[in-house]
Structures are given as structure tokens and as C-alpha cells.
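Chemist: Dropping the structure in here first, questions after.
The values are calculated or read from the model by the stated rules, or taken from the named source; none is laboratory data. The model shown is predicted, which means the values in this text are computed figures rather than measured ones. Because the Cβ atoms are built from the backbone with ideal geometry, glycine has one as well, and the counts that use them run over all protein chains shown. Just so you know, the surface numbers come from the protein's heavy atoms only, side chains and all, with ligands and any DNA or RNA stripped out. Shrake-Rupley method; radii C 1.70, N 1.55, O 1.52, S 1.80 Å.
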Amino acid sequence: MANNDQDQFKKVLSHAKEYGYVFQSSEIYDGLQAVYDYGQNGAELKKNIREYWWQAMTQLNQDIVGIDAAIFMHPTTWKASGHVDAFNDPLIDNKDSKKRYRADVLVEDYCEKHLQKAQKEIDKAAKRFGEDFDPEMYKTTNPRVVGYMKKATEPTARLAELLDKEDLAGVKALIEELGIADPDTGSKNWTDVRQFNLMFGTKIGASADTATDLYLRPETAQGIFVNFLNVQKTGRMKIPFGIAQTGKAFRNEIVARQFIFRQREFEQMEMQYFVKPGTELEWFEVWKEKRMAWHRSLGMGDENYRFHDHEKLAHYANAATDIEFNFPFGFKELEGIHSRTDFDLKAHEEYSGKKLQFFDHEENKSYVPYVLETSIGLDRMFLAVFSNALQDETLEDGSERTVLKIPAVLAPVKAAILPLVKKDGLPEIADEIINELKWSMKVQYDEKDAIGRRYRRQDANGTPYCITVDHDTKEDHAVTVRDRDSMTQERIAIKDLKSYLEQRVSMSEWLKKI
Ligand code: GAP
């Protein structure tokens, strides 16, 4: 991470805590690694993201319904899904620092570092050569950039090959060959690479001898697969159709860093779209576009998203891509879109002995549908929104402000109602406004401190609108509405206030942008 990115990331962490967005779990006991709690603002932001996803899936698409499956599932589920045998990460320890890392992440970070070096050279050359500069040509002809690009791409391909063959000694040899050192201490004294299953085990039942081993689900998707037929039959769904779900998932992650980006307890928003075999690659393209349109509708900068198509596919997938977001620590996976073939339903058929098929009346035959999956981490989306929103600005008069430009539809508090003074009947008018608005949005009363300080506080809190009740309000029955991002102010009649705000903050208006 470059220094300024590191500074930005530190600011994200401290701002998230200071403004009641994210707290370390069990902080009074010194916290629990890679587990976080969401505070009064964080819980609202998270709920709004979840709702924006849920409505986009289940309300805008007639062929998608939502479910809420249990976290505990029959243990055979995880045998069938392949998680018992293959949900592993390759881990490596540094003998000097005693720190544990994911071997694949060490190699990926090495590649990313060289990609950034190449980009820096390209940016420098673009400045030097001006308009005629051709970055693609430069990438293939400038020896230094060619060298960096080689180091940015070759190790990833070799790593994928080694992991595919389960050649863990080869992975260690690759780390040594690349000269990768412990990022914290610089030591290159590594242990062998070992596989580590990421599922958390637990038990259900009262007595030790009758208790059954269970797992906390590592993904929500399996709750959808095992309910495929229940939903299809009771909902009288016809292929193609989708099932959406949001909920907690648990993974015993080895590398627990980057704040809420990689946690041991997190939330997923997944949708499985069941299609006729042979049509899955068309649907894959459809869902790539649909999901990108959802992201772009939030206005967080189209340049901050990119697709990263998987070169090496999992054995059950015939196409896969990630939507990557430009986090403070670089472009990283935010969402996965996978064409999972009929792997999961077939496996559950085999292990349960129950048919999980669809009878296609047009074709007059039954088949196991193919599945397109879209899977996004809610906490990762939270981090994308929050880190993108946090900005320090220098204003025209030279003063500074910290502002959290969260898309208004997701903001925890939509408007702050501020009586200019605590007397002369202004708080009472503010109360009346709150009583009018509270039925359709979350608003907050704030009367403490000078108005300028209150504006700054609401800016830092991410509140998109401040509504000031002043002495003129008593005469003209209007208020001043200040926009968080542009800081422009408008006089709006109290009777028009609700519709003015709804047009700007309501979910239905934002969903129309997708
Ligand atoms: N059903 C497919 C599946 O679970 P995945 O790529 O392992 O695929 C999907 O996870 C998404 O879940 C990721 O793109 C990421 O946003 C989120 N995710 C995965 N592991 C996570 C973790 N430890 N902490 C936070 N989010 C995570």
C-alpha cells in the first residue's frame, strides 16, 4: 500500500469508530481478531445496503424470490458441496515472526506490487509524451514495464497450476524463488505450506455421546440449493428463475487483516439463478451487466470498478468473474459471478438420494438446471461505500472539512433538523417537521452548538441534508435545506419538504437508476 493509501485507510478505521459505524468486537476485552460490531450508524448503513440489494433482486425481477435459510444445516450438506474435503487455504508461517499468512495471498500481493510499479511507469510516460502516448504499445515495448508486467502475471499462473496439483512444496519453492519476505519483518525464514480447513465446527444436542457435529455455514448458497425444489414447487416457478438470500457466513480466515474486508463472521448477499443447460453462458453475460449496473447506480465512480475474469476455473465452473472495487488498498474482489453448472444440485441429488430436477413442459422432459450465482459480501460493500465516501476537502475560504459522501439512499440519517436557536418557538417547529418526516425516513434533531459546527458534524456523519429552522420560518413557513456534497442552500416551503427529500433519498427513486 502506498503511504497516502495507508493514511487514507487509517482515516477510514478511525472515522468508522469515531462516528459509530464500526467497533472492534468485545473491545473492552481487547477485541476478537477479525470480528467486528456495527454501531448505531453502521447498522443503518448495513441495513440500507442489504435492502437496496434485496429490492433490486426480488422487487425489480418478477422471476426472483427471496428466502431465509438457517445457519445450521445438515452436516452432509458440506460433504456434498465439497467444503469438508476442499474448503482449504494454503497457509505458511514465518519462523522468526511467528506470523501466519496465506501462501496464495503472499504471491498475489507480490504480483499486485509489480502491477502498481508498471502502472506508475506508464503514468509517468503518459505525462512525458502527452496526447500521442499509446499505453498499450508502451506496455509491450518499454523493457522496464515489460519486466514488471511479467512479474505481475507469471507467478499468479504458476501458483494456480501448483494449487491445482496440490503441490504445496512447489508453492513454498515459488515463494522462496520470488524472494517474498514477511511483510511485517522482512524475514524469509518460512515453514512448509499446509492446507487448513476454513469451516468452524460445533455440536448440536444435549449430551456428549448423542451430540452431532455441525458446521457454521461458510456460505449462504447451500441453503438455496437444498431448498431449490421447495421454492420451485410452492412458488410455481418456471426456469429461468432465481432465489436470493442474505445472511451470516463464517470462515476461520488465516489472514485476518484489512478491517472488515476479511472477517471470520460476515454477511453475504447471494442469488442463484436456475437456467436451462446450454443457456448458462448467455445468462452469465446478462448477470455480469446487471450486477455492474446495480453498482454504478450508486454513483461511486465507474472507474472504481473492474471485472477480473478468472483464467483458472474451479472444477465445477465454466465461467467466473469478480467485480473488483478500488479499495484504499487497491483493486480487490467485491463480488463474484460464477457459472456453476449443475454441480451443486447434482451433488445434493447424489448425497440425499432425492431428485432435484425441473420438469420442462415445453421440452417435455426433466433436467437438473444449471446455476448462475452472484455473490457479494455485505461487509465488503460497506467498506467500499464507506472508504469511497470519506473525503477531506479544503473549502474556498481555506477552511477544511471532513465529509462522508455516502450515496443518499444508503445514508444512515437522511436529514438533520436544526433549529437555529433553542428558543423563540424554533425547536417546536423542528419537532413538527420531524413528526411529518419520520414516517418515511430516518431524521435526527440537533440543537447543540453553532449552526456551522452542526453542519460539519452532520457532514462527517454522512447526513445528506441539513434543514435549518430560523426566525423567518415563522413568517414564510419555509426552511433552508443544505446539501451535504455541494453545500448549496435552498429555501423550501415546509409543505414541500417531504416530497423534496423523498425524491432525493428514497429507495424507489434510486432503484430507477439501475
Ligand atoms: N457462494 C460463493 C461464495 O461464497 P466467495 O468468493 O467465497 O464465493 C463471495 O464469497 C463473496 O463473499 C466475496 O466476493 C466477498 O465479497 C465475500 N466474502 C468472502 N469471504 C469473506 C470474508 N472472510 N469476510 C468478508 N467478506 C467475505
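Chemist: Between VAL84, VAL105, which is surrounded by 15 or more Cβ atoms within 10 Å (Cβ to Cβ) and more than 15 Å from the ligand (Cβ to nearest atom)?
Modeler: Working: VAL105 fails: more than 15 Å from the ligand (Cβ to nearest atom).
Unique residue meeting the criteria: VAL84.
Chemist: State which residue pairs qualify: first residue near the ligand (Cβ under 9 Å from one of its atoms) and inside the range 375-399, second residue of a type in the set (Lys, Arg) in any location, beta carbons under 8 Å apart, and separation of 6 or more residues or different chains.
Modeler: Partner pairs satisfying both residue conditions: ILE376/ARG291; LEU378/LYS46; LEU378/ARG50; ASP379/LYS46.
Chemist: When you go through LYS414, LYS405, LYS512, LYS442 one by one, which is the residue that is exposed (fewer than 12 other Cβ atoms within 10 Å of the Cβ) and not small (Gly, Ala, Ser)? Write out each step before concluding.
Modeler: On the way: LYS414 fails: exposed (fewer than 12 other Cβ atoms within 10 Å of the Cβ); LYS405 fails: exposed (fewer than 12 other Cβ atoms within 10 Å of the Cβ); LYS442 fails: exposed (fewer than 12 other Cβ atoms within 10 Å of the Cβ).
Only one candidate qualifies: LYS512.
Chemist: Which members of the range 352-374 meet the condition of being touching a Lys or Arg at 6+ places or on another chain (Cβ under 6 Å) and away from the ligand (no atom under 16 Å from the Cβ)?
Modeler: If we filter the range 352-374 for residues that are touching a Lys or Arg at 6+ places or on another chain (Cβ under 6 Å), which is where we start, we get 368, 371, 373-374.
Listed by number, the list holds a single entry, VAL368.
Chemist: Which residue pairs have Cβ atoms under 6 Å apart, sit 6 or more places apart or on different chains, and have a first residue in the range 1-23 that is at pLDDT 85 or above and a second that is open to solvent by less than 50 Å² (accessible area, probe 1.4 Å) and of a type in the set (Asp, Glu)?
Modeler: From the range 1-23, no pairs qualify.
Chemist: Then there is this: Report yes if some residue within the range 295-318 is within 11 Å of the ligand (Cβ to nearest atom) and either outside the structural domain of TYR38 (by TED's automatic domain parsing) or open to solvent by less than 20 Å² (accessible area, probe 1.4 Å) (or both); otherwise report no.
Modeler: Yes, the range 295-318 has at least one match.
Chemist: Please work out which one of (1) more than 19 Å from VAL275 (Cβ to Cβ); (2) at pLDDT 95 or above is the condition ALA208 fails and give its number.
Modeler: (2)
Chemist: Condition (residue is within 30 Å of SER508 (Cβ to Cβ) and open to solvent by less than 20 Å² (accessible area, probe 1.4 Å)) applied to the range 28-37: is it met by at least one residue?
Modeler: Residues of the range 28-37 that are within 30 Å of SER508 (Cβ to Cβ), as a first pass: none.
For the range 28-37, residues within 30 Å of SER508 (Cβ to Cβ) and open to solvent by less than 20 Å² (accessible area, probe 1.4 Å): absent.
Chemist: Scan the helices (runs of 4 or more DSSP H) fully inside the range 423-514 and keep the ones with 2 or more residues being in contact with a Phe, Trp or Tyr (Cβ under 9 Å, 6 or more places away or on another chain). Even if it seems obvious, please write down each step before you answer.
Modeler: Values: elements: 426-437, 451-461, 473-476, 494-505, 507-511.
In the range 423-514, the matching helices (runs of 4 or more DSSP H) lie at 426-437, 451-461, 494-505, 507-511.
Chemist: Among the numbered criteria (1) under 28 Å from ALA181 (Cα atoms); (2) open to solvent by 50 Å² or more (accessible area, probe 1.4 Å), which one does GLU112 miss?
Modeler: (2)
Chemist: Any idea which residue in the range 265-294 is nearest to the ligand (Cβ to nearest atom), counting only those that are among the aliphatic types (A, V, I, L, M) and open to solvent by less than 10 Å² (accessible area, probe 1.4 Å)? Don't jump to the end; show me each part of the working.
Modeler: At the first step, the residues of the range 265-294 found to be among the aliphatic types (A, V, I, L, M) are 269, 271, 275, 281, 286, 292-293.
Subset that is open to solvent by less than 10 Å² (accessible area, probe 1.4 Å): 269, 271, 275, 292.
Numbers: MET269: 9, MET271: 10, VAL275: 17, MET292: 14 Å.
Ranking the candidates gives MET269 first.
Chemist: Any idea which of (1) of a type outside the set (Lys, Arg); (2) assigned to a strand (DSSP E or B); (3) over 18 Å from the mean Cα position of the chain (by Cα) is the one ASP37 doesn't satisfy?
Modeler: (3)
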